[in-house]
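*Asks:* Please find one structure pasted underneath; my questions will follow.
A short reminder: the numbers here are calculations on the coordinates, not readings from a lab. On a predicted model such as this, the values are computed, not experimentally measured, just so you know. Ideal geometry is used to build each Cβ from the backbone, glycine not excepted, and the neighbour counts take in all protein chains shown.
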Amino acid sequence: MQRRLLAIGCLFAVLGWGAATNAEPGRYFIAIHCDPQYADAADWNALGALVAAAEGYDQVLTIQLNPQWGPIIASALDGPGDIAHWATDGHEIGGHHHVLTHPGGWDGYSNQPEAETASGYLGDMDQWLADLEAILPGSIVVRTVASKDFDFPAGVEFQTGGTGSTPGPASATSTPVLKNLAGGQVWNINHGALIAGGTWQVDEMMTAFDAATSDEVFGVAVHPHDYYEENHEEVDRWLAFLHDRDPDASRSYTAGAVLQENVDSLPAVPSSSSASRALQIGTLLTVGILASWPSRGKWWRRRQPNPGPGSVSP
């Protein structure tokens, strides 16, 4: 009976049935959306304070800037140097775009034909990317952008949010998805918002985080202007919560690192290839041997060390 149960268990493992998942996401990220309408000295100082608060918990951030932040970066004391230092410390420097119809205000760039005659038009999304990278230290290349699908800059590899994304907690949990945007393939990961419509959702995000599974990614977005000097409490609660769930911050990633890791893993997971099928067939043959060869099964069990109690991988 034990041999049959072992065989059935191995069979289910091969076919992917009944696979157990761990509570809480395997990886998570925090995106900082630097809005074009909030780009003055108070916002720059709040961004610096946010970075310092995250580093206090060993968290890495996905800092998504907008070209409209150019003047404050240039006028801040060593603004480009600060950005370079953040990147060296493991934070990602990306981009955040507001489309023509964004309720918070447009940033002046668009691939939409109707935008070309709109007041404040500055160029298409190629120009947006060029202007963004022009305000950054020369060593930084933008690889991850938060923008709607129809207004995405060509040549950028990764997207956060995008068309269909909502600020609600339901959007915070996702897995990487491949899209065709701006004439190329772009990997996307979703996120929710810690604050939406002026209402903080930290408690709801905590519940959603705990409900996520180890094969999922949990992403949240917040703005520097949500962290003005008198308004630290809610973001600090989120950082403390992450520290409680992940004390060594081993699951803290940037969005770009999540998606790059996904890309790097693709050759190793040929789920529908002949190699995968051959592996399944070989394992099924092994299952048959274990089920029908008693003496071999007993010898195999004797040679295995006691695995001890199960553990939860990070």
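*Asks:* How would 245, 27 line up from fewest to most surrounding beta-carbon atoms within 10 angstrom? Please report the intermediate quantities before stating the final value.
*Replies:* Numbers: 245 15, 27 23.
Ordered by Cβ neighbours within 10 Å, fewest first: 245, 27.
*Asks:* Along the charge dipole of the range 27-266, pointing to its positive end and built from +1/-1 on Cβ of Lys, Arg, Asp and Glu, which listed residue (96, 206, 181) has its Cα farthest out?
*Replies:* Sorting the options by dipole projection puts first 181.
*Asks:* Given the C-alpha centroids of the range 202-263 and the range 117-177, what is the distance between them in whole angstrom?
*Replies:* 20 Å
*Asks:* Sorted by mean Cβ packing within 10 Å, highest first, what order do the peptides 173-181, 211-219 take? Present the calculation step by step, with values, prior to reporting the outcome.
*Replies:* On the way: 173-181: 16.1, 211-219: 19.1.
My ranking of the peptides, most packed first, is 211-219, 173-181.
*Asks:* Report the charge-dipole magnitude of the range 27-266 in Debye, nearest 20, computed about the Cα centre from +1 at each Lys and Arg Cβ and -1 at each Asp and Glu Cβ.
*Replies:* Details: 7 positive and 35 negative charges, 104 e Å.
Value, rounded to 20: 500 debye.
*Asks:* Could you list 263, 60 in order of exposure, starting from the residue whose Cβ has the fewest other Cβ atoms within 10 Å?
*Replies:* On the way: 263 13, 60 21.
Going from sparsest to densest Cβ surroundings: 263, 60.
*Asks:* So what is the diffusion coefficient of the range 27-266 in µm² per second by Stokes-Einstein at 37 °C and 0.692 mPa s, using a Kirkwood Rh over Cα pairs? Could the numbers behind the result be given before it?
*Replies:* Working: Rh = 17.9 Å.
Translational D for this selection: 184 µm²/s.
*Asks:* DSSP beta bridges in the range 27-266, what fraction antiparallel, as a percent rounded to 5?
*Replies:* Percentage antiparallel, nearest 5: 25.
*Asks:* Would you work out which of 112, 167, 243 lies farthest towards the positive end of the dipole of the range 27-266, given +1 charges on the beta-carbon of Lys and Arg and -1 on that of Asp and Glu, about the Cα centre?
*Replies:* So the residue we want is 112.
*Asks:* Next question. Once amide H atoms are built 1.01 Å from N in the peptide plane, which residues 5 or more positions from residue 179, or in another chain, come under 5 Å H to H?
*Replies:* Under 5 Å from the amide H of residue 179: 186, 187, 188.
*Asks:* Output wanted: per-residue J couplings in Hz (rounded whole) for the range 25-33, from phi through Karplus 6.51 cos²θ - 1.76 cosθ + 1.60, θ = phi - 60°, x for Gly and Pro.
*Replies:* x, x, 9, 8, 8, 10, 9, 9, 8
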